[in-house]
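The values are calculated or read from the model by the stated rules, or taken from the named source; none is laboratory data. These numbers were taken from a predicted model, which means no experiment stands behind them. Every residue, glycine as well, gets a Cβ built from its backbone with ideal geometry; the counts of neighbours run over all protein chains shown. Just so you know, the surface numbers come from the protein's heavy atoms only, side chains and all, with ligands and any DNA or RNA stripped out. Shrake-Rupley method; radii C 1.70, N 1.55, O 1.52, S 1.80 Å.
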Amino acid sequence: MFHERLPETFQLLPTSAERRRSVWSALLPHRGRAAARVALSSALAATDLAAILAVTLCMELAYEFVYQDGALGAGSGRGLRLAALLGLVIVATNALRAEYSLDKVIDQKANFQRVTSLWLVAWAAVLVVSFMTKTTNDYSRLVSLGAFITGLPVLIVTRAAMVRLIRQRLTAGSAT
């Protein structure tokens, strides 16, 4: 009775539980793809943060070992603050520009150009913030210079490794 009052298009919808399951199973891969894209973007951001943190802390520890008579750990808080500020600028800018999207990550050549330009902008931002807050004396010039010089190659190498890993894991049509 109620069935007869429905328009014809609604009558054609699947009604049995088995047909509903087939419809949902056809929709689920799209949800899985979206979750995979979010996971890949998060992994790229975490890799960028880890690379920046590792380079800055290694430079700080090497400086302390060589110039502070082997007193390790005395100034690693400064290196952590420097890495946090660099990481914040780089990850926030990449997130705002959608640099962690799968489409932009796969375009490797342009990706390295964007990483290089963002690295320079991030360091300029760190210098401006440090100057404005009068905290430039907190950071060793040698540590800052070492982190600046070695940070970009490390960031590019880790990004290339992640891009290669993503390309290996992708199958034809799996990320669309």
Return the residue satisfying two criteria in turn: it lies in region 63-102 and is open to solvent by 70 Å² or more (accessible area, probe 1.4 Å) and either at pLDDT 75 or above or touching a Pro at 6+ places or on another chain (Cβ under 8 Å) (or both), and of such residues it is farthest from THR47 (Cα to Cα). TYR67
Kindly list the number of the only condition in (1) closer than 21 Å to THR47 by Cβ; (2) surrounded by 14 or more Cβ atoms within 10 Å (Cβ to Cβ); (3) modelled with pLDDT under 90; (4) of a type in the set (Ser, Thr, Tyr) that fails for THR116. (2)
Which number in (1) modelled with pLDDT of 90 or more; (2) within 20 Å of LEU44 (Cα to Cα) marks the one condition that GLN168 misses? (1)
Does region 141-152 contain at least one residue that is of a type in the set (Lys, Arg) and either within 16 Å of ALA43 (Cβ to Cβ) or buried (at least 16 other Cβ atoms within 10 Å of the Cβ) (or both)? no
Within region 94-127, work out how many residues are farther than 20 Å from GLY77 by Cα and assigned to a helix (DSSP H, G or I). 23
Selection from region 119-142 of residues over 16 Å from GLY87 (Cα atoms), at pLDDT 80 or above and touching a helix residue (DSSP H, G or I) at 6+ places or on another chain (Cβ under 8 Å) yields LEU142
